[in-house]
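The values are calculated or read from the model by the stated rules, or taken from the named source; none is laboratory data. Bear in mind the structure is a predicted one, so any value in this text is a computation, not a measurement. Cβ: placed from backbone, ideal geometry, glycine included. Neighbour counts: every protein chain shown. Keep in mind that these areas ignore ligands, DNA and RNA; they rest on the heavy atoms of the full protein, side chains included. Shrake-Rupley method; radii C 1.70, N 1.55, O 1.52, S 1.80 Å.
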Amino acid sequence: MENTTHFGFKDVATEDKQGLVRGVFDSVASKYDLMNDVLSFGAHRLWKRYTVASSNVKTGDKVLDIAGGTGDLAIEFRKKAGESGKVILSDINAAMLAEGRRNLTNKGVFGVEFIQLNAENLPFESNSFDCVSIAFGLRNVTDKDQALREMHRILKPGGCLLVLEFSKTDNELLSQAYDFYSFNIMPKLGGIIADDEESYQYLAESIRQHPDQETLKNMVLDAGFSFCEYHNLTGGIVALHKGIKA
Amino acid sequence: MQHFVLEQALNYLIDQGDADIGSLNGKTIYFALDDLPLTLNFICTNNRIFVTTDTSSNADVDIKLKSNVFLSLLQGEEISDLLKQDKIIIHGDVKTAQLLVDLLKSAQIDFEEILSQYTGDVIANQIGNIARNLKGSSNTLNSPIEAIKDGLTSLLISPSKSKLYKNKNT
């Protein structure tokens, strides 16, 4: 098969991946937050909090959260950027964006803009954002390099990119336990709670297919960022990559 | 992770209006402590400071010094005096280096606490050195643990008689 890409452990036609990922998130959107809390034992909230704390976002800043889903990061960014700032919550998936809008409204967070977009083709002017974030979204993007180049393009000089994503742990014991949990327990929980075992099987597979810390760091630098470092969280199960555009 | 604390503290100062980094804007300053595994880049841009361990890109100014010199600098020692005594090496604009030092001073961070996070490795390394030195030179000691204990004891009680001390000075 020509022009193929990964969809979990399967090879699929590049042009098909976006639709397949959309199917996964259409299916899990309504239970997304609940599932994240259950599957990560609540740790995803700490990972996201650390991400926003690392952003150096200030009052008046313009922030884009890509694949923002139910809006956890956007809510925190909104607090930091304040009334004079601008926070955009974006997602390629309409169902996830609708969940995000509902979640923010329920939490009394207003002033955040919602835009449905593809990370590979960002509809914004160059040099226009102080911070761009993508949490647990990059691994679902078909052309990650193109997406990173786009994020670099729209950031101002001095702007900061934050990529929070599942990664690789180098602790053998933790790795084995995590593998068992991912492939045996996570899909079952997905089946029980979200009535969708298959989507959570994809989640486990897509994590294994995602580039490791060093590879992603080099991808960020290749996209044009002058600096990039990463911090392993929870033993490297998750990593936060921080890129800075000079 | 310590540089994260540093970054937060510096940006808090800037946010509160207690520090103006206008003169540092656009500058990247490389900072290294020779005696500790600590190298950082301070990237001053977009009216904020990023503190990163990624030091692969060229900086505008390089600052290299030992940790005790750094602490004395924060306690009021002048850069110019330290330069004369060759206790600090600065490549690039000294004024920029001075601005960064002033900023670090005003942050009122407990740097001794931060640096102590790094000395753990150094102490571990020294213990390793003692073990290696004794392993190679002493046949009277029964185990590596005893060798470490004896080596540390002699280093603490009578440094001049310590094998580690002697090795450092030969």
Filter on A:K79/A:K168; A:K217/B:K95; A:K62/A:K107; A:K242/B:K66; A:K86/A:K107 - keep pairs with C-alpha separation over 23 Å: A:K79/A:K168; A:K217/B:K95; A:K242/B:K66
Carbon + sulfur, % of accessible area of region A:1-47 - ligands and nucleic acids excluded, 1.4 Å: 55
B:N58/A:N127 FRET efficiency (R0 30 Å; Cβ-Cβ; nearest 0.05): 0.85
DSSP-defined beta bridges in chain A - what % are antiparallel, rounded to 5: 50
Whether region A:98-158 is rounded, prolate or oblate, judged on the alpha carbon gyration tensor where a/c under 1.5 counts as rounded: oblate
A:H6/A:R49 FRET efficiency (R0 41 Å; Cβ-Cβ; nearest 0.05): 0.85
Inter-label distance for A:L34 and B:D20, nm, one decimal - labels placed 7 Å from Cα along Cα-to-Cβ: 5.6
Projected label distance in nm at B:I114 and A:E198, using a 7 Å step from Cα toward the beta-carbon: 5.3
Note, ³J(HN,Hα) from phi for region A:81-93, Karplus 6.51, -1.76, 1.60, rounded to Hz, x at Gly and Pro: 6, x, 4, 7, x, 9, 10, 10, 9, 10, 7, 6, 9
Separation of the A:N232 and A:E113 label points, Cα + 7 Å toward Cβ, nm: 3.9
Translational diffusion of region B:2-109, µm² s⁻¹ [Kirkwood Rh, Cα pairs; Stokes-Einstein; 10 °C; 1.306 mPa s]: 114
Fraction of antiparallel bridges per DSSP, the protein assembly as shown only, in percent to nearest 5: 60
Carbon + sulfur, % of accessible area of region A:58-145 - ligands and nucleic acids excluded, 1.4 Å: 45
Spin-label proximity, A:L174 to region A:214-246 - amide N less than 14 Å from point 7 Å beyond Cα toward beta carbon: A:231-240
Most mobile of A:G159, A:G190, A:G111 in a GNM of chain A (Cα contacts under 10 Å): A:G111
Distance cut-off 23 Å, percentage of C-alpha pairs in region A:55-151 lying past it: 18
Rounded to 10°, Cα long-axis angle of helix A:14-28 versus longest principal axis of chain A: 80
Rg/Rg_globular for the protein assembly as shown, with Rg_globular taken as 2.2 N^0.38 Å and Rg from C-alpha atoms: 1.16
Loop trypsin sites (Lys or Arg not before Pro), region B:1-66, which have at most 15 other Cβ atoms in a 10 Å radius of their Cβ (DSSP): B:K66
Other-chain or far-sequence residues with amide H under 5 Å of A:I115's (modelled H): A:L89, A:S90, A:D91
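Quick one: of the DSSP bridges fully inside region B:2-109, what percent are antiparallel, nearest 5?
Numbers: 16 of 21 bridges.
Antiparallel bridges make up about 75 percent of those DSSP assigns within region B:2-109.
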Listed peptides A:103-110, B:100-107, A:135-142 by packing density, highest first (mean Cβ within 10 Å): A:135-142, B:100-107, A:103-110
